[in-house]
Amino acid sequence: MSQYYFAPSILSADFNRLGEQIAQTKEGGAQYVHIDVMDGVFVPNLTFGMPVIKSIRSETDLVFDVHLMVQTPRKLIERIALAGADIITFHIEATDDPGACIAAIHEQGKKVGLALKPSTPIEAAVPYLQRIDMLLVMTVEPGYGGQKYIDASTQRIRQARRIVDESGLDVDIEVDGGITRDTIDIVTDAGANVIVAGSAVYRGDACENTRWFAEHLGILPEEG
Ligand code: DX5
Ligand code: ZN
């Protein structure tokens, strides 16, 4: 079984004190910062882009897991990489050339994530599996934080895990949307190993909430 990674999504953070909030999740044991870039086209919502990523990059050494919810992601890849991304995930539905996006991310020396909306068959990712590091199985409709986990996702995560394991490839399976203290066991049992949570971390004490998830996943670093 692959290692677990916990990725608090700053979409639900208090942007007035973003650096501080990210530091709290690090203290709580998170390894990643999940950064949701939305363009108001691929999804109705609009969030942040390169300047914000650059600004928080200077504040933390956590892994930047950038989730692009933008149409034609190819155009943004170089700039997102330069801003400080470590993993760049784009949606298969947002481009007519996923292969070119993968190549562009590799060219920047970054890890590749491929995201699927809840309605996109898992099989759509199969042709790209050998060239990606992570498959993001969306567990809500992308666009907003605080939504309810879509139950039909469980079967999809299981299918993704089975395909990855049967292929013998080392591809992480990330889940994003509606992950809480109540749903985490469902997604890990199904085979997810990169866990995103926004509102379940940032509603309340971000450090304490992160620590709960980190302990639950068994990734809490030893004291000392
Ligand atoms: C939704 C974003 C998520 C969002 C998850 O489109 O991709 O990363 O922050 O939020 P929660 O964990 O509150 O569902
Ligand atoms: Zn996301």
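The values are calculated or read from the model by the stated rules, or taken from the named source; none is laboratory data. Every value quoted in this text rests on a predicted model; they were computed, and no experiment measured them. Ideal geometry is used to build each Cβ from the backbone, glycine not excepted, and the neighbour counts take in all protein chains shown. Heads up: the accessible areas ignore ligands, DNA and RNA and are worked out on the full protein's heavy atoms, side chains in. Shrake-Rupley method; radii C 1.70, N 1.55, O 1.52, S 1.80 Å.
Okay, residues lined up against (1) farther than 20 Å from Thr89 by Cα; (2) more than 16 Å from ligand 2 (Cβ to nearest atom); (3) open to solvent by 50 Å² or more (accessible area, probe 1.4 Å):
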position	(1), (2), (3)
Asn16	yes, yes, yes
Gly19	yes, yes, no
Glu27	yes, yes, yes
Val41	no, yes, yes
Gly49	no, no, no
Lys54	no, yes, yes
His67	no, no, no
Revision key, fill the gap. Those residues of region 136-155 that are within 19 Å of Val66 (Cα to Cα), open to solvent by 60 Å² or more (accessible area, probe 1.4 Å) and in contact with a helix residue (DSSP H, G or I) (Cβ under 9 Å, 6 or more places away or on another chain) come to a total of 1
Check your understanding: What is the residue count in region 184-224 for residues that are part of a helix (DSSP H, G or I) and either of a type outside the set (D, E, K, R) or within 13 Å of ligand 1 (Cβ to nearest atom) (or both)?
Key -> 18
Exercise for review: Hey, could you check region 1-14 for residues that are of a type outside the set (Gly, Ala, Ser) and assigned to a helix (DSSP H, G or I) and say which is surrounded by the most Cβ atoms within 10 Å (Cβ to Cβ)?
Suggested key: Ile10
Point to revise | Residue in region 143-158 that is within 8 Å of ligand 1 (Cβ to nearest atom) and in a strand (DSSP E or B) present | key: no
**Study point:** Pairs where the first residue, in region 73-87, is modelled with pLDDT of 95 or more and the second is of a type in the set (S, T, N, Q) and open to solvent by 10 Å² or more (accessible area, probe 1.4 Å), C-beta under 8 Å, 6+ apart
**Key:** Pro73/Thr95; Arg74/Thr95; Ile77/Gln108; Glu78/Gln108; Ala81/Gln108; Leu82/Gln108
